[in-house]
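> This is the structure, below, for whatever I ask next.
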Amino acid sequence: MRGVQKFLLVAILFTQLGLAQSPQVPVLDAGIRARMALALSMENLPRAKADAYKDWNEGAGIDPAVQEAYLKALQAWRQDDFPGVVMALVPALQSVPDYPACLHLLGHAQFRMRRHEQCALVLTRLLRVAPQLVGRTRHLGHSLAQVGRVTEALAHYDRVLDAAPEDVQARRGRAVAHWRAGHSDEALEDLSQVVQSDPSLGEAWQLRATIWYDLEELQKAQVAVKRARALRPRDPEPAFLLAHILAELGQKDQARSMEQTFKELERQRAMLRPIEGMLLIDPWNLELLTRLVNTQKAAGDKAAVAGGLLRLGRAARLAGDAKVLAWVAEQQEQNSAR
Amino acid sequence: MGFLLMLAIGGLLPGGGAGDWFVDVTNAVLPGVEVTCGTAGRDWIMEVNGGGLALVDLNRDGHLDLVVVDGSTAKRVLEGEKGLPPRVFLGAEDGAFVRGGEAWEMAGDGWGTGCAVGDVDGDGWSDLVVTQWGQVRLFHNLQGAGFEERTAQAGLPQEGWHTSAAFLDFDGDGRQDLFLVRYLEFDFAVHKPRGEAGAQWKGQMVMAGPEGFLAQEDLLFRGLGNGRFEPAGLGASAPSTSEPGTETGQGEKTTQPRKPSARAGLGQAPAAFGLGVVTLDINQDGRLDLYVSNDSHPNHLWVAQEEGGFLEQAFEWGLGYGANGREQAGMGIACADLNGDGRPALLVTNFSGEPNALYLPARRKGAYRERSSRAGIGGASLTRLGWGTGFFDGDLDGELDAFVLNGHVYPEADGAGSDTTYGQQDHLYVGEGTGFSARPLISGQHFVSRAGVAGDLDGDGDQDLVVLTLDGGVRVLRNEAPRVGRALVVQLIAREGDRDAPGARLELICGEQRSTRLVSTAGGFQGSQPSAIHFAMPKDANSWFLKVFWPGGGTSEVLGRVSGEDNGRQLVRVEQGS
């Protein structure tokens, strides 16, 4: 996410406006708003000419015609309100077609909502009008891979990495795409560079372990998956793989114990997944947010509880729900005391 | 010739292109067979899965017959009306089907879902079990002259949402037992329709489920050999009532099972949203195991134990989850030995956003790897929601191919941002040594497909397809793939038990090629496949050697000379003991 954050930060700086002055995101009818946003196909937005923004760069600031909408979208983005991002940007893109900053943020919001074809559509449009921004479009590769367009994803990652060779997440994405295309060697080569650049990237260690396991190189897989597990102790995936590796190495007791760990983590993830999925499109829903916090509490994940309470508090404030706010305060106290 | 003539005058359905292996010949051979499963809006999960199909030679005239299991509607259920009846279509000489006469008529009953074919009373004729949301039904085959319903005395469950079913002889007594896959507890009076239920998918209101519903455990029934069944070993609390020498309800003495104390032990795994089942021999110990695909739960692998009963071992074998440790929405299953080493591969169709999972044996015995991406299936299947599936050798090149029938559960999938569509192209995965290449089954055709079964409908040795779609009726797809080799079709005739010898293992050596197959009518999704085994032989081969391992012991060996008899196929009947 570093690239996105940098992009957003630059945009904020150049518009010289603080978030405190940004318009608030409306809370009422959030569900309806979300559904309206999701019913929009990005294909229907008006188009600018190809290369219309080939000289555009973010340092030049945001076009005043879209500035207010863009800031509204940024505010929504920071609050994980991705439908809010779409709702803010679509009118802006109707008045200033294919404006690069708007397309970039819109593409990322679509990605976060797991609307990969829409993300691909938006970011492809971005590159059509502003090809110089290719280094900022790794999410296009991610989305293409997610919908099975692996060959296109690989080609795109190559372009991104030519422009931004230091983009670790693009390289990790290319490794995933290579893996999906059956290119184990290329995937491992990319992953080797990724973990050298950023050894804290648990997903990279996990994918490395998965590939070694698939190649039946159990010792190498074990080393990698232990790193992944240390970095992502609440993620069931490393525990799943480690249980299988241990079993195949004949360490049956440890394997069984790890299987139980996996099943418990998976149980927790299975409870969280539908709530998180619904929150992607209905981010201000107090009931969902409360369920999220309670589920995180049941899993004993203090950090996640803290994050969930922050979101719930923000939503309750905007909704003016004093009862929920009081509950949040109480829970925050309990969470910090535990 | 008749078939070709009908093709010429009967008209083909739109779609299809040069290079397609299949041609839609529905209008010519099986026109106008509609099916019902709720209404087009799909307001309840009950309306989503569709009905079932069986291809079986019911009257032993050498042509495959078709059973179509039909469903019902919420309106019918709420008004106390019976569901639509299952239908029989008898195969004719020219590859066409004609509606079975009055003798084959079956009354409507509950909401039909699937079917299984097996000889439940050992009279040498294939009987039919129809699964329903409701009573599981048994139809006795009157020696090829028609069906007689014998549900009342069969002892099969009256309630529950049964999906797929499989016959197997789990206790080795020579009688066909029955495994019933079940989905979830559903009631129109209790569960709310789309919109009211509050269920959402990608921001759209959709029908609710299966999440939030109560899963139903699968069931195993011991066949008593007289058309009756009894529950077998749910957990450890249901002992056999057919111990050696006891009298059954009809006064017939049972024969002694090989494992008289056998209990199924199905209580070891939590209930799951079960949809598909295959019988297989996962560890090559000669005992039939069961693999069950579960929607939104880990899949189950029931491994038969020497001392009797089953142990659920999907996790240990690496067959429970996807490669990333996630449970998937298992729908249908294809199962076959892809490389001739005797170890089966499993292909499980899944939800959109998940790859169809291809589980291949690892080097170490007792372990599998999910390798759909490396095999060329994963990426191609990501935007599809798969159902019926099967391995078959479409072009007779000795490499097994796979068909996967696709179609979403939500009509809302056609909305923006879903990354998928409601109607979808069915897929053909062409086997190419180490992997598969994906292509549409028929270019340009998009259907909401569900169950599907492969079988040689026109007697030319290659396998055609029958496909059930939600809103497009039943389709027949004729295999027109360019043939690389020749077809050898083997029909086993067992001396004891089910005449079709389910559970028999076949090994064929032909030229450089070694292939193994297991006789099983279970597979795919809510369907029953023919018991005949199809092999491909290289064009330049002169002879072949076939070894049959019969269920219950004993082998047969046959050395044959390659011939192109009978419409391009070589048909071999192997009788046990001959």
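The values are calculated or read from the model by the stated rules, or taken from the named source; none is laboratory data. Everything quoted here is computed from the prediction, not taken from an experiment. For neighbour counting, all protein chains shown are included, and Cβ atoms are generated from backbone atoms with ideal geometry for every residue, glycine included. To get the accessible areas, we keep the full protein, side chains included, count just its heavy atoms, and leave off ligands, DNA and RNA. Shrake-Rupley method; radii C 1.70, N 1.55, O 1.52, S 1.80 Å.
> Working only within the range B:74-124, note down all residues that are under 22 Å from B:G455 (Cβ atoms) and charged (D, E, K, R).
Once the filter is applied, which keeps residues that are under 22 Å from B:G455 (Cβ atoms) and charged (D, E, K, R), the range B:74-124 yields B:R87, B:E93, B:D94, B:R99, B:D119.
> Right, another one. Kindly establish whether B:G108 is of a type in the set (G, A, S), part of a strand (DSSP E or B) and modelled with pLDDT of 95 or more.
No, not satisfied.
> Does at least one position in the range B:158-174 carry a residue that is part of a loop (DSSP other than H, G, I, E, B), open to solvent by less than 10 Å² (accessible area, probe 1.4 Å) and touching a Phe, Trp or Tyr at 6+ places or on another chain (Cβ under 9 Å)?
The answer is no, given that none of the residues of the range B:158-174 is part of a loop (DSSP other than H, G, I, E, B), open to solvent by less than 10 Å² (accessible area, probe 1.4 Å) and touching a Phe, Trp or Tyr at 6+ places or on another chain (Cβ under 9 Å).
> Is it the case that B:P344 is modelled with pLDDT of 95 or more and within 13 Å of chain A (Cβ to nearest Cβ)?
Criteria not met by B:P344.
> OK, next. Going by the structure shown, is A:R317 crowded, with 16+ Cβ neighbours inside 10 Å and assigned to a helix (DSSP H, G or I)? Give the steps one after another, and end with the answer.
Details: crowded, with 16+ Cβ neighbours inside 10 Å: no; assigned to a helix (DSSP H, G or I): yes.
Answer is no for this residue.
> Residue under question is A:R273, and the condition is that it be open to solvent by 50 Å² or more (accessible area, probe 1.4 Å), in contact (Cβ under 8 Å) with a residue 60 or more places away in the chain and among the charged types (D, E, K, R); does it hold? If you could, list the steps in order and put the result at the bottom.
Details: open to solvent by 50 Å² or more (accessible area, probe 1.4 Å): yes; in contact (Cβ under 8 Å) with a residue 60 or more places away in the chain: no; among the charged types (D, E, K, R): yes.
Considered against the rule, which asks whether it is open to solvent by 50 Å² or more (accessible area, probe 1.4 Å), in contact (Cβ under 8 Å) with a residue 60 or more places away in the chain and among the charged types (D, E, K, R), A:R273 comes out as no.
> May I pose another question? Right, A:R229: open to solvent by less than 70 Å² (accessible area, probe 1.4 Å), in contact with a helix residue (DSSP H, G or I) (Cβ under 6 Å, 6 or more places away or on another chain), more than 30 Å from B:Q200 (Cα to Cα) and of a type in the set (K, R) or not?
Here the answer is yes, as A:R229 does meet what is asked.
> Give me the pairs: first residue in the range A:87-103 and under 11 Å from A:P46 (Cα atoms), second residue charged (D, E, K, R) and crowded, with 19+ Cβ neighbours inside 10 Å, beta-carbon distance under 8 Å, and six or more apart or on different chains, which are they?
These pairs meet every condition: A:D98/A:R125.
> Within the group B:R363, B:R374, which residue is part of a loop (DSSP other than H, G, I, E, B), within 14 Å of chain A (Cβ to nearest Cβ), at pLDDT below 95 and out of contact with any Ser or Thr (no Cβ under 8 Å at 6 or more places or on another chain)? Walk me through it before giving the result.
Values: B:R374 fails: out of contact with any Ser or Thr (no Cβ under 8 Å at 6 or more places or on another chain).
Every option except B:R363 fails the conditions.
> Check the range A:197-216 and report whether any residue there is open to solvent by 10 Å² or more (accessible area, probe 1.4 Å), closer than 29 Å to B:R384 by Cα and outside any helix (DSSP H, G or I).
Yes.
> Only one of A:A175, A:A239, A:A255, A:A163 is more than 10 Å from chain B (Cβ to nearest Cβ), on the phi < 0 side of the Ramachandran plot, without any contact (Cβ under 8 Å) to a residue 60 or more places away in the chain and buried (at least 18 other Cβ atoms within 10 Å of the Cβ). Can you tell me which?
Answer to the selection: A:A175.
> Can you name every residue in the range B:533-578 that is within 19 Å of B:D500 (Cβ to Cβ) and charged (D, E, K, R)?
B:K547, B:R569, B:R573, B:E575
> What about A:L231, is it touching a Leu at 6+ places or on another chain (Cβ under 9 Å), over 23 Å from A:R180 (Cα atoms), modelled with pLDDT of 95 or more and not aromatic (F, W, Y)?
So A:L231 fits the description; yes.
> Determine whether the range B:410-418 contains at least one residue that is open to solvent by 10 Å² or more (accessible area, probe 1.4 Å), more than 8 Å from chain A (Cβ to nearest Cβ) and within 21 Å of the chain's Cα centre (by Cα).
no
> Exactly one of these conditions fails for B:T151: (1) open to solvent by 10 Å² or more (accessible area, probe 1.4 Å); (2) in a strand (DSSP E or B). Give me its number.
Condition (2) is where B:T151 drops out.
> Related question: Among the residues of the range A:91-128, write down those that are under 23 Å from B:A413 (Cα atoms), of a type in the set (V, I, T) and open to solvent by 10 Å² or more (accessible area, probe 1.4 Å).
A:T124
> Considering each residue of the range A:18-57, count those that are closer than 25 Å to A:D81 by Cβ, of a type in the set (S, T, Y) and at pLDDT 50 or above, and give that number.
Total meeting the criteria: 1.
> Turning to a different aspect of this structure: Taking the range A:96-123 as the search range and keeping residues that are small (G, A, S) and within 18 Å of B:K202 (Cα to Cα), which one is nearest to the other protein chains (Cβ to nearest Cβ)? Spell out the reasoning first.
Within the range A:96-123, the first condition is being small (G, A, S), and the residues that meet it are A:101, A:107, A:109, A:120.
When the remaining residues are screened for being within 18 Å of B:K202 (Cα to Cα), the result is A:107, A:109, A:120.
Numbers: A:G107: 13, A:A109: 11, A:A120: 9 Å.
Ranking the qualifying residues of the range A:96-123, first place goes to A:A120.
> Are any residues in the range B:320-364 more than 16 Å from B:E399 (Cα to Cα), open to solvent by less than 30 Å² (accessible area, probe 1.4 Å) and among the hydrophobic types (A, V, I, L, M, F, W, C), and if so, which ones?
Those that are more than 16 Å from B:E399 (Cα to Cα), open to solvent by less than 30 Å² (accessible area, probe 1.4 Å) and among the hydrophobic types (A, V, I, L, M, F, W, C): B:A329, B:M331, B:I333, B:V348, B:A357, B:A362.
> I'm told B:E507 meets every condition in (1) part of a strand (DSSP E or B); (2) within 19 Å of B:L465 (Cα to Cα) except one. Can you identify the failing condition by its number?
(2)
> Ok, one more. Checking B:G276 against (1) open to solvent by less than 10 Å² (accessible area, probe 1.4 Å); (2) at pLDDT below 95; (3) more than 13 Å from chain A (Cβ to nearest Cβ), which single condition isn't satisfied?
With (1) open to solvent by less than 10 Å² (accessible area, probe 1.4 Å); (2) at pLDDT below 95; (3) more than 13 Å from chain A (Cβ to nearest Cβ) applied to B:G276, the lone miss is (2).
> Just wondering, is there one or more residues in the range B:81-90 that are among the β-branched types (V, I, T), under 30 Å from B:R194 (Cα atoms) and either buried (at least 16 other Cβ atoms within 10 Å of the Cβ) or modelled with pLDDT of 95 or more (or both)? Reasoning before the result, please.
First pass over the range B:81-90, keeping only residues among the β-branched types (V, I, T): B:88.
From the residues that got through so far, the ones that are under 30 Å from B:R194 (Cα atoms) too are none.
No, there is no match, as no residue in the range B:81-90 is among the β-branched types (V, I, T), under 30 Å from B:R194 (Cα atoms) and either buried (at least 16 other Cβ atoms within 10 Å of the Cβ) or modelled with pLDDT of 95 or more (or both).
> For B:E148, all conditions in the list (1) out of contact with any His (no Cβ under 7 Å at 6 or more places or on another chain); (2) more than 16 Å from B:M46 (Cβ to Cβ); (3) of a type outside the set (S, T, Y) hold save one; what is the number of the exception?
Of the numbered conditions (1) out of contact with any His (no Cβ under 7 Å at 6 or more places or on another chain); (2) more than 16 Å from B:M46 (Cβ to Cβ); (3) of a type outside the set (S, T, Y), the odd one out for B:E148 is (1).
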